[in-house]
Amino acid sequence: MTHTIVAGVDGSADSFAALAAAAELAEQTGARLSVVFVHDPGVAVAFAIAYEGTAEPIIQQAVAELEATSREHTFDLLADRALEWTFDVVAGEAAHELIAAATAEGASLIVVGGRGHSLLGGLILGSVAQKLVRSSPISVLVVRHRVDDHATARLQHSTP
């Protein structure tokens, strides 16, 4: 029986690093890859209430753009890979929905980025990964996007 790996994507560099790691693992092990983009309508409603409805169209547009970016990058990253994969969009709280997707798929692993996008502008960094590590009955791999070491070295040497 083929096992499944679930990868959560949100348009962030860390989520795409997680997707690349999940794809590599899936290829090496013969696993099927289930890529999941989760949007949380509760956050949009909270912002809409706080801003008396004026923020709702902006939030909906931002979510649609993140979904499109995530879908496009997923297709680009997985196009030449020798593996079976799917891309699904679900609504709800991200950690809960990733666990639900992994459970439904009978997945052996959930792979996510260590830091992603948040409609709160980065105030809750890595909260999805933290929730997954604390509550998932399925193993979780948290992947961080690596900054180009050469670019970092150049910046450090060019600073007076």
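The values are calculated or read from the model by the stated rules, or taken from the named source; none is laboratory data. Quick caveat, the model's predicted, so the values are computed rather than measured. Positions of Cβ are backbone-derived with ideal geometry, glycine not excepted, and every protein chain shown enters the neighbour counts. Note: accessible area is taken over every heavy atom of the protein model, side chains too, but ligands, DNA and RNA are not part of it. Shrake-Rupley method; radii C 1.70, N 1.55, O 1.52, S 1.80 Å.
If you check every pair at least six apart or on different chains, which have Cβ atoms under 8 Å apart with a residue in the range 6-29 that is in a helix (DSSP H, G or I) first and a residue that is buried (at least 24 other Cβ atoms within 10 Å of the Cβ) and polar (S, T, N, Q) second?
Taking only residues 6 or more apart or on different chains, the pairs are Ser15/Ser70.
Of the residues Glu56, Glu93, Glu24, which single one is out of contact with any strand residue (DSSP E or B) (no Cβ under 9 Å at 6 or more places or on another chain), at pLDDT below 95 and open to solvent by 50 Å² or more (accessible area, probe 1.4 Å)?
Step by step, each of Glu56, Glu93, Glu24 is checked, and only Glu56 is out of contact with any strand residue (DSSP E or B) (no Cβ under 9 Å at 6 or more places or on another chain), at pLDDT below 95 and open to solvent by 50 Å² or more (accessible area, probe 1.4 Å).
Here is a list: Ala82, Ala100. Which entry is over 17 Å from the mean Cα position of the chain (by Cα) and modelled with pLDDT of 85 or more?
Ala82
Here is a check on your reading of the model: is Gly126 modelled with pLDDT under 85 and under 11 Å from the mean Cα position of the chain (by Cα)?
Judged against the criteria, Gly126 is a match.
Across the range 131-160, what is the number of residues that are modelled with pLDDT under 90 and closer than 20 Å to Ala17 by Cα?
Going through the range 131-160 one residue at a time, the tally reaches 9.
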